[in-house]
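Below: the structure, in structure tokens.
The values are calculated or read from the model by the stated rules, or taken from the named source; none is laboratory data. Bear in mind that the values here come from a model prediction, so they are computed numbers and not experimental data. Neighbour counts run over all protein chains shown; Cβ positions are idealised from the backbone, glycine included.
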Amino acid sequence: MAAEEKLTPTRVGVQPPRDPILVVEDNEETQALLKGILKKMQIPCVVAGNGREGLERVGQGAFSLYIVDLMMPVMDGKQFIKELKKRDPNAVVLVQTGLDLSETIISVMRLGVYDYLIKPIDPEVFQAIVWKAVEYKHLKDLEEGQRASASLKIRSQIEWLNYKESRRVADRDYSSTKSIYSLKTSMSQGAGIGTLVTLIELLKSAAEPQGDKYLVDKNIVDIIIENNDFCRLMIEGLQMVSDIIENEVPLSRAASTDLIEALPGMIEGVLPYMEARRIGVTYPEPRAACPLDLNMEKVALAVEELMINAYKYSVPGSVINIIARQSEGYFWLSVKNEVSEKPYCGIPENYEKMVLEPFFRILPPDESIAKYEKFGSGLGLTVVDNIVRKHKGLFMIRDIRDLTGRAPKLCVMAEMLFPVADAASAAERG
């Protein structure tokens, strides 16, 4: 049982599913093996001895996943899957087969199953595939929940942008005053100009005159030099923000799958920081491509900034999910991260719009990534908002309550909506 001893109850960042797994298997020894492994993984399961019995179980309750043997009496696995998909087209199915033949595997995958397992079952391989399927099911459920409120959120965001534009035109002085106040608050916190001013005051009080020179503690000078680098990054970031806000962004036709495939490269600079906090990341799987008009360079800046923001406030040991879907005429690219309830570090509803304003912060800055971060001083989400609007899209960030696992989790969901290019647009460009 050496292999079983290596099994871990949970996978880092992945909660056991809320509903049990249905195991459809006629062999009693295999039933006992799978039940034992799932028990060690802390995942409840229900067993059915054939496909017909499995369908009866489906009619009696909800299941997170289905593990189905192909060869069974009364009703085999293929027929069970076909009937299951009629009832639940989104059912996540893992198939067991003793035939490791390409023809068998292809015919199985055509049934719309998620993955397959070759008999005899290897406990470690089984565990890895089940956790991967649990994670996939979790994201599918979350996506469905978000889809239900998509229209309302889009309408709310468009109304806000219209109101914001009218306020900008009618009350420029107020907007400027608010930005200056936020800038003053931001720069007085954390690394940067506020710290530099404090250090210079400390230098003035600690420096000892020695003729025409001053004797200064080396530690103070070292800190000033280091902080100077933060100030330089801050100034460079301000210049980049100014360029993004003031200039048009040239767009080129691309497929949504191109964007999904480019995601790992867009965030590779953030990954070492995430690894230090044991924070994982999941990427969306490329699906049917839709046409988009994008500036990949600017979108990469926005994606990186959302990952930096998620990293700063994520619970150590959790997972940041990048989710992609098409809905309401937009391609949605979302970043979801779990945050702690205490001290609270999410985005309360009354701050959802304010956090997009320049220099605004809810919490004091997290400086653990300051040496890499391009947009400090509370400008990161402002940059994302402007980049997305240059694409004629929408940006939203808010708290959500993730109920797809056994225990509810407080999360922050940041969503960029890029309009899907229609046929008329494509004809004009052609």
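Per-residue answers, yes or no, for (1) closer than 21 Å to Cys45 by Cβ; (2) at pLDDT below 90:
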site: Gln60; (1), (2): yes, no
site: Ser64; (1), (2): yes, no
site: Ile67; (1), (2): yes, no
site: Met71; (1), (2): yes, yes
site: Gln79; (1), (2): no, no
site: Lys82; (1), (2): no, no
site: Asn90; (1), (2): yes, yes
site: Leu94; (1), (2): yes, no
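Only residues that are surrounded by fewer than 22 Cβ atoms within 10 Å (Cβ to Cβ) and of a type outside the set (Asp, Glu): list them for the stretch 320-331, please.
If we filter the stretch 320-331 for residues that are surrounded by fewer than 22 Cβ atoms within 10 Å (Cβ to Cβ), which is where we start, we get 323-330.
Answer for the stretch 320-331, where residues must be surrounded by fewer than 22 Cβ atoms within 10 Å (Cβ to Cβ) and of a type outside the set (Asp, Glu): Ile323, Ala324, Arg325, Gln326, Ser327, Gly329, Tyr330.
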Check your understanding: From the set of residues in the stretch 347-403 that are of a type in the set (Asp, Glu), part of a loop (DSSP other than H, G, I, E, B) and at pLDDT 65 or above, which is surrounded by the most Cβ atoms within 10 Å (Cβ to Cβ)?
Key -> Glu373
Review point. Within the bounds of the stretch 52-59, is there any residue that is closer than 16 Å to Leu117 by Cβ and not basic (Lys, Arg)?
Key: no
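In the stretch 246-261, which residue that is assigned to a helix (DSSP H, G or I) and loosely packed, with under 15 Cβ neighbours inside 10 Å is nearest to the chain's Cα centre (by Cα)? Talk me through it step by step, then tell me what you get.
Let us first name the residues in the stretch 246-261 that are assigned to a helix (DSSP H, G or I), namely 246, 256-261.
Going one step further and asking which of them are loosely packed, with under 15 Cβ neighbours inside 10 Å, we end up with 246, 258, 261.
On the way: Glu246: 29, Asp258: 18, Glu261: 15 Å.
Looking at the filtered set, the residue picked out is Glu261.
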Practice item. Note down all Cβ pairs under 7 Å where the first residue falls in the stretch 250-267 and is in contact (Cβ under 8 Å) with a residue 60 or more places away in the chain, the second is among the hydrophobic types (A, V, I, L, M, F, W, C) and part of a helix (DSSP H, G or I), and they're at least six residues apart or on different chains. Key: Leu259/Val299
Check your understanding: Does the stretch 290-302 contain any residue that is touching a residue at least 40 places away in the same chain (Cβ under 8 Å), in a strand (DSSP E or B), charged (D, E, K, R) and out of contact with any Cys (no Cβ under 7 Å at 6 or more places or on another chain)?
Key -> yes
Check your understanding: in contact with an Asp or Glu (Cβ under 7 Å, 6 or more places away or on another chain), in contact (Cβ under 8 Å) with a residue 24 or more places away in the chain and part of a loop (DSSP other than H, G, I, E, B): does that describe Pro286?
Key -> yes
Revision key, fill the gap. By residue number, the members of the stretch 273-290 that are farther than 13 Å from Asn337 by Cα and surrounded by 18 or more Cβ atoms within 10 Å (Cβ to Cβ) are Tyr273, Pro284
Check your understanding: Pairs, please: C-beta under 9 Å, at least 6 apart or cross-chain, first residue surrounded by fewer than 18 Cβ atoms within 10 Å (Cβ to Cβ) and in the stretch 39-62, second outside any helix (DSSP H, G or I) and among the hydroxyl-bearing types (Ser, Thr, Tyr)?
Key -> Lys40/Thr8; Gln42/Thr10
Review point. If you go through the stretch 65-90 one residue at a time, how many are surrounded by fewer than 23 Cβ atoms within 10 Å (Cβ to Cβ) and among the hydroxyl-bearing types (Ser, Thr, Tyr)?
Key: 0
